[in-house]
Amino acid sequence: MIDEAALLSLPPYGLAHAEKHAFLTNELLALSRHHGEHCPAYAKMLTASGVALDGVTGFEQLPPLPVRLFKEFELKSVPDEALYKTITSSGTTGQQVSRIDLDRETSTLQTKVLAKIMENMLGSARLPMIILDTSDVISNRAMFSARGAGIIGFGMFGRDKIYALDQNMKLDLAGLRAFLQKHQGETIFLFGFTFMVWQHFYAELVKLPEKLDLSRGILLHGGGWKKLSDQAVSHADFNRALHDVCGIERVVDYYGMVEQTGTIYVECEQGHLHAPVWSDVIIRRASDFSVANIGETGLIEVVSVLPRSYPGHVLLTEDEGCLLGEDDCPCGRKGKYFEVLGRVKRAETRGCSDTYEQKRS
């Protein structure tokens, strides 16, 4: 595995197919060997897959772990004394959650890569920030949920931060008005999980007699579309509704998961989700798990070179998607770009904002 400095020197969206494929194959093979040596459970799964690592010529040949296994097993490749932080996926009451154990090296690497991705999308300046959530979710910094991890992670890119919701999940209108007055004329960075933005921000703004001016705002959101899909709210509807209620022009979706924190897939100006250089997506046909072609619908597999303390480098998700192209997006970014079509039928609901709503009901 190459060192941190070499990893961080890579351009986030600057490698075309051949160079990126060779880089990922080398790194993911090295990680597979590393985890096979240090995580007994992963070693057994690798043996059971029947894949001989010495014969792998492309990372698509590596056996993916279903993300659900992180709910059923403790999968880590470092001793307990090396653990620095634990992140859990969101889950409903009585439901198993994924447990991701991080050492300091992995946590630091995830943070720095996330910063590189966000700098490409937002620029290097830290912006005044509105977090569309409550501060209660980050009370325990040693062990917190994916929702809390997201707030901590994306909070790095803001300054003079304010939480839009109080402890009762009610809109802090007085605080928001004062914040917007203070930062009048500035670009504002907003972050929240999709359903919570809709339920606790948009739904409350609609009721107001006046219109909060967020025309200079940039909203980044992600973490579950299932409830909005059930309400027949599309991406276009979501963006249009937020523009109508507060004037916000730039709404950016992202795809990511707690099992591969750091390597998120952010929506570009063309509305496409992009794989940065440190990660990639493979669309698998459900019939035989072969690699699907551009335009085919299938299961989403995600790979990342960041998981060093746990075997989360090659994962099969419970989402369906479609590869739209590679190296030719009009936005100019190299690499694959794709869309997420939703959860596989009968798959467990697990998005951060989806599971929040299940807890409330």
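With label points built 7 Å along Cα→Cβ from the Cα atoms of ASP80 and GLU186, find their separation and express it in nm.
Computed distance between label sites ASP80 and GLU186 equals 4.6 nm.
Kindly point out which whole DSSP H helices in the chain project their C-alpha atoms 18 angstrom or further along the helix axis while averaging a Kyte-Doolittle hydropathy of -0.5 or above. Intermediate values should be presented prior to the final figure.
Values: long enough: 17-38 (31 Å, -0.77); 104-122 (26 Å, -0.18).
Qualifying helices: 104-122.
Would you mind classifying region 110-255 by shape? Square roots of the alpha carbon gyration tensor eigenvalues, ordered a ≥ b ≥ c; an a/c under 1.5 is rounded, otherwise it is prolate if a/b is larger than b/c and oblate if not.
Numbers: a/c = 1.28, a/b = 1.16, b/c = 1.10.
Rounded, since a/c falls under 1.5.
How high is the relative contact order of region 110-255, in percent, counting Cα pairs under 8 Å that sit 6 or more residues apart? Present the calculation step by step, with values, prior to reporting the outcome.
Details: 206 pairs, mean separation 32.7, N = 146.
In percent, rounded to a whole number, it is 22.
Could you tell me whether the chain comes out rounded, prolate or oblate from its Cα gyration tensor? Rule is a ≥ b ≥ c as square roots of the eigenvalues, rounded for a/c under 1.5, then prolate if a/b exceeds b/c, otherwise oblate. Could you put the intermediate results ahead of the total?
Details: a/c = 1.68, a/b = 1.56, b/c = 1.08.
It comes out prolate by the Cα gyration axes.
Pull up the DSSP beta bridges for region 110-255 and report the antiparallel fraction as a percent, rounded to 5.
Details: 1 of 19 bridges.
Here the share of antiparallel DSSP bridges comes out near 5 percent.
At 222 nm, what value in deg cm²/dmol follows for the chain if DSSP H runs of at least 4 each add -39500 (n - 2.57) and the sum is divided by all its residues, to the nearest 500?
Values: 10 runs with 106 residues, N = 361.
The helix contribution divided over the chain gives -9000 deg cm²/dmol.
Ordered by packing density, taken as the mean number of other Cβ atoms within 10 Å over each peptide's residues, highest first, how do 215-222, 258-265, 66-73, 203-210 rank?
Working: 215-222: 21.6, 258-265: 25.0, 66-73: 17.5, 203-210: 11.5.
The packing order, highest mean first, is 258-265, 215-222, 66-73, 203-210.
Let me have the relative contact order for the chain, percent, based on Cα pairs under 8 Å that are six or more residues apart. Mind dumping the intermediate values first?
On the way: 693 pairs, mean separation 72.7, N = 361.
It rounds to 20 percent for the chain.
Amide H to amide H, which residues 5 or more places from ASP103 or on other chains are under 5 Å from it, using H placed in the peptide plane?
Excluding prolines and chain starts, which carry no amide H, the hits are TYR84, SER309.
Among the listed pairs LYS116/LYS345; LYS116/LYS182; LYS85/LYS161; LYS71/LYS116, which are separated by more than 32 Å between their Cα atoms?
From the list (LYS116/LYS345; LYS116/LYS182; LYS85/LYS161; LYS71/LYS116), the Cα-Cα distance tops 32 Å for LYS116/LYS345.
What length, rounded to one decimal in nm, is gained on full extension from LYS207 through to ASP244, with 0.36 nm per residue of separation minus their alpha-carbon distance? Display every interim value, and only then the final one.
On the way: separation 37, 0.36 × 37 = 13.32 nm, distance 1.26 nm.
Extra length available between LYS207 and ASP244 comes to 12.1 nm.
Could you check what % of the DSSP bridge pairs in the chain are antiparallel, to the nearest 5? Please list the in-between numbers first.
Values: 32 of 55 bridges.
Roughly 60 percent of the beta bridges in the chain run antiparallel, per DSSP.
Assuming R0 = 22 Å, can you tell me the calculated FRET efficiency for the pair ARG104 and GLU72, based on Cβ-Cβ distance, to the nearest 0.05?
On the way: r = 26 Å, r/R0 = 1.20.
Plugging the Cβ-Cβ distance into 1/(1 + (r/R0)^6) gives 0.25.
Give the shape of region 11-126 as rounded, prolate or oblate, defined through the alpha-carbon gyration tensor: a ≥ b ≥ c are the square roots of its eigenvalues, a/c under 1.5 means rounded, and otherwise the shape is prolate if a/b is larger than b/c and oblate if not. Can you show the working numbers first?
Working: a/c = 1.82, a/b = 1.08, b/c = 1.69.
In terms of gyration-tensor shape, oblate.
Read-outs: derived from the displayed coordinates by stated rules, not from any lab. Owing to the predicted nature of the structure, the values given are computational and were not obtained by experimental measurement. Every residue, glycine among them, receives a Cβ derived from its backbone with ideal geometry; neighbour counts consider all protein chains shown.
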